[in-house]
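Below is one structure; the comments refer to it alone.
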Amino acid sequence: MHNFNSVRKTYYSLFLLLLLVMAQISVAQKSENFQKDTVNKINKNGLEQGFWVIYEKEKGQIIEEGFYSDNKNT
């Protein structure tokens, strides 16, 4: 019985560790797809990176686009 509890605690610990790693990965970067391209990336610090397209979703009309580095349009 003692070994079973030890194994169960180990599995619970590994499961929680896996959940934490998955949560970190999902928060690390956020992006959107626009016309089959990945755009509007936000890094783990919440800063805009890469190519950004600001558009009206209902009409699909582009309002602004450009490259960003650390929240600055370059």
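The values are calculated or read from the model by the stated rules, or taken from the named source; none is laboratory data. Please read all numbers here as calculations on a predicted model, not as lab measurements. Don't worry about glycine lacking a Cβ; one is built from the backbone with ideal geometry, like all the others, and counts go over all protein chains shown.
The table below gives the values:
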read-out	value
Scope the stretch 44-54; condition touching a residue at least 12 places away in the same chain (Cβ under 8 Å) and within 13 Å of K72 (Cα to Cα); matching residues	L47, E48, Q49, G50, F51, W52
Candidate set from the stretch 17-51 (those that are assigned to a strand (DSSP E or B) and of a type in the set (V, I, T)); member that is modelled with the lowest pLDDT	T38
